[in-house]
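Q: Dumping the structure here so I can ask a few things about it.
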Amino acid sequence: MAPRAPSPPAPVVLSVGGSVLVTGEDDAGYLARLSEMIRDVARARSLLVTVGGGRTAREYIRLGRELGLTEVELDEIGIDVTRLHARLLAARVGPPAPAVPPTTIARAVHEAHRVSPVILGGTEPGHTTDGVAALLAGRLRAERLVNATNVDGLYERDPRRDPSARRIDRIGWAEFRALVAAGTDGRAGQEFLFDRLGAETLARAGIPLLMVHGRDLANLRSALEGGAFTGTRIG
Ligand code: UTP
């Protein structure tokens, strides 16, 4: 009997914050290099990428809030911006990544069984693209979720206010969930390290969360591939 082919590595999910994607500094160069890296990593394993709305989403949400829109309406505006960013990245990555980002978790899972990478934005009101990434990770039994943000990990205190604050290399779910609960209240466009639904989902599934700076692509790639990285590991 022929030996059985080795099973493919488990999927990995990447959540890229909009604050990393669109900064006003070399965004086109960064997007091009990020696209190359995504294409490369996605050749060896199933890779799903969620893309945030960053300051563009927050700008529209602020405007909508001034106009008296409801939180759900503001979330939907935020979702549209995340999809715009996902479309931008997917178009640059090119086939086989679906050019039109899937709009539901079910659809994204379906696509992930067919092609790699799959790139998407938000799905429904009430969470962020980090939450979407965590739900996908749970559904696909992903090996890890890597969150690419504009900081190089979780700090014991806000390093912008206190430069002596140290980065935390590793932290358990109980402690991290308490931090997330204290830092978020569920309003549209909220900026926090990770969203509540995302933290709960990953903790329940026992999937580790790795936080890294998204602009350091060599480090981000190593985190995605299970190598050493600079950042914070949760769980
Ligand atoms: P983001 O995922 O960009 O959230 O969604 P964020 O916390 O601002 O993250 P960064 O800065 O990009 O890293 C923007 C907003 O869109 C709505 C929420 O209001 C969110 O704050 N949204 C997004 C949803 O309601 N559902 C989703 O699935 C995604």
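Q: Could you list, in sequence order, the residues of segment 159-180 that are at pLDDT below 90 and either under 20 Å from R233 (Cβ atoms) or touching a strand residue (DSSP E or B) at 6+ places or on another chain (Cβ under 6 Å) (or both)?
A: P159, A165, R177, A178, L179, V180
Q: Related question: I need the full set of residues from segment 126-142 which are in contact with an Asp or Glu (Cβ under 8 Å, 6 or more places away or on another chain) and surrounded by fewer than 16 Cβ atoms within 10 Å (Cβ to Cβ), in order please.
A: G126
Q: For segment 128-148, check the following and say yes or no: at least one residue is within 16 Å of the ligand (Cβ to nearest atom) and more than 17 Å from E200 (Cα to Cα).
A: Going through segment 128-148, the residues within 16 Å of the ligand (Cβ to nearest atom) turn out to be 128-139, 145-148.
From the residues that got through so far, the ones that are more than 17 Å from E200 (Cα to Cα) too are 148.
The answer is yes, given that some residue of segment 128-148 is within 16 Å of the ligand (Cβ to nearest atom) and more than 17 Å from E200 (Cα to Cα).
Q: While we're on this one: Which condition breaks for D152 when tested against (1) away from the ligand (no atom under 11 Å from the Cβ); (2) within 11 Å of the chain's Cα centre (by Cα); (3) of a type in the set (D, E, K, R)?
A: (2)
Q: Contact list please: Cβ distance under 6 Å, first residue in segment 1-13 and in contact (Cβ under 8 Å) with a residue 40 or more places away in the chain, second residue in a loop (DSSP other than H, G, I, E, B) and basic (K, R), pairs at least six apart or on different chains.
A: P9/R45
Q: Further question on the same structure: If we only count helices (runs of 4 or more DSSP H) wholly inside segment 49-118, which ones have 1 or more residues that are in contact with an Asp or Glu (Cβ under 8 Å, 6 or more places away or on another chain) and near the ligand (Cβ under 10 Å from one of its atoms)?
A: On the way: elements: 54-66, 71-93, 105-112.
Qualifying helices (runs of 4 or more DSSP H): 54-66, 71-93.
Q: For the structure I just gave you, tell me whether G24 is buried (at least 20 other Cβ atoms within 10 Å of the Cβ) and within 15 Å of the ligand (Cβ to nearest atom).
A: When the stated conditions are applied, G24 does not pass them.
The values are calculated or read from the model by the stated rules, or taken from the named source; none is laboratory data. As the structure is a prediction and not an experimental result, all values here were calculated from the model. Backbone-built Cβ (ideal geometry, glycine too); neighbour counts: all protein chains shown.
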